[in-house]
1. Residue 313 versus residue 268, label points 7 Å from Cα toward the beta carbon: distance in nm?
2. Say the cut-off is 27 Å between C-alpha atoms; which of 100/178; 72/128; 136/247; 136/250 go over it?
3. When only DSSP loop residues count, what GluC sites (Glu not before Pro) in the stretch 171-279 have their Cβ near at most 11 other Cβ atoms within 10 Å?
4. Go through 133-141, 261-269 and give me the packing order, highest mean Cβ count within 10 Å leading.
5. For the residue pair residue 151 and residue 302, what label-to-label distance in nm results when each label sits 7 Å from Cα along the Cα-to-beta-carbon direction?
6. Please calculate the 1.4 Å probe accessible area of residue 203, with all protein chains present, and give it to the nearest 10 Å².
7. Take the alpha-carbon centre of the stretch 207-242, take the same for the stretch 105-135, and report the distance between them in whole Å.
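The values are calculated or read from the model by the stated rules, or taken from the named source; none is laboratory data. In this text, all values refer to a predicted model and were calculated from it rather than measured experimentally. Here the Cβ positions follow ideal geometry from the backbone for every residue, glycine too, while neighbour counts run over all protein chains shown. Quick note on the areas: whole protein, heavy atoms, side chains included, nothing else; ligands and nucleic acids left out. Shrake-Rupley method; radii C 1.70, N 1.55, O 1.52, S 1.80 Å.
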Amino acid sequence: MAILIRTPLTGEPRESEVTTEAVYLRRREFLTTAGAGLLLFGTGLAGCRSQDRSEAAETPATGADAIAGVVKSPLSTDEEPTAYDDVTGYNNFYEFGTDKSDPARNAHSLVTDPWTVTIGGAVARPEKVALEDLLKAHTPEERIYRLRCVEAWSMVIPWIGIPLASVLARHQPTGDAKYVALRTLHDPEQMPGQRRAVLEWPYREGLRIDEAMHPLTILAFGMYGRAMPNQNGAPLRLVVPWKYGFKSIKSIVAIDLVTEQPQTSWNMQAPGEYGFYSNVNPDVDHPRWSQRKERRIGEFLRRETLPFNGYGDQVASLYSGMDLKKSF
Ligand SMILES: Nc1nc2c(c(=O)[nH]1)N[C@H]1C(S)=C(S)[C@@H](COP(=O)(O)O)O[C@H]1N2
Ligand SMILES: [Mo]
């Protein structure tokens, strides 16, 4: 039996937060039944800044926010991960400000423990579940996925998560479940960006049920071997690697199975610019800029953007017969 342990993360981990085993066992604790045994992190994190790598290597399972018991997913890309400091310092998370540097500065005010997620709507087993109980029921995996933002930058990130499909299956969607609607926490006290009407709060996103059940779609609760930093969507965020980044909703509190196509924040804000599907598509320009090229953060030359962000072999069949210029 593998043991997965994490502790709350508020802001950056400091030496003083590295606790003894006895102390952190009293904190948030996850037990899983991953069959692959205990895999310690810190050895395969190419692309982390050297400081991160050595920190992780020295204290793989006992660092304040290290996650153990994680299985490596064969669905990973073998591309070089983006530097950890870039992934945690250049974010879109409007609940904490609209500048890319705002979330790293402001997201410490989000309290991620305790955290509950409500799973409801067209399911046989609706439930309001503590995050640790939700995660306990599934095997965590590390998956190195590309994230491609509609603003034409991209990153490669070693996410730690669980397939959304296994969460949904546990709650038994009924025949009426055609879409999945996800919602971020709405609490202007903790999320000061919600005091301004830059978007209609709470942030919301949605997927068609077959997209949600696709094995590439995950709920991530960590990255780079450690707990999810607040600015990246702690404690639980979606990752849908063949879609533009805004589909990957952060700090999720509700997952509802629904019959009608749900409202999504960016589509409500600017329907001509952001569609429901938002599959990465170099042939469909954003009205104000081309989507043909992207800058991988940390690289100088721009790359050609690939259809479905390079995941076409796995996901193109979901859209056979659809006009993806109309359903953008
Ligand atoms: N709740 C919430 N989720 C969100 C956003 C947001 O503003 N609020 N921004 C989205 C956008 S536009 C992108 S590109 C990704 C960025 O994720 P990252 O900061 O981990 O790179 O988060 C997405 N999820
Ligand atoms: Mo984005």
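1. Between residue 313 and residue 268, the simple spin-label model gives 3.9 nm.
2. Numbers: 100/178 34 Å; 72/128 29 Å; 136/247 25 Å; 136/250 20 Å.
Going by Cα-Cα distance, 100/178; 72/128 fall outside the 27 Å limit.
3. Numbers: sites: 189, 200, 205, 211, 260, 273; in loops: 189, 200, 260, 273.
Answer by residue number: 189, 200, 260.
4. Values: 133-141: 19.1, 261-269: 17.6.
Ranked by mean Cβ neighbours within 10 Å, highest first: 133-141, 261-269.
5. Taking the simple label geometry, residue 151 and residue 302 are separated by 1.5 nm.
6. Roughly 30 Å² of residue 203 is accessible to a 1.4 Å probe.
7. Measuring centre to centre over Cα atoms gives 13 Å.
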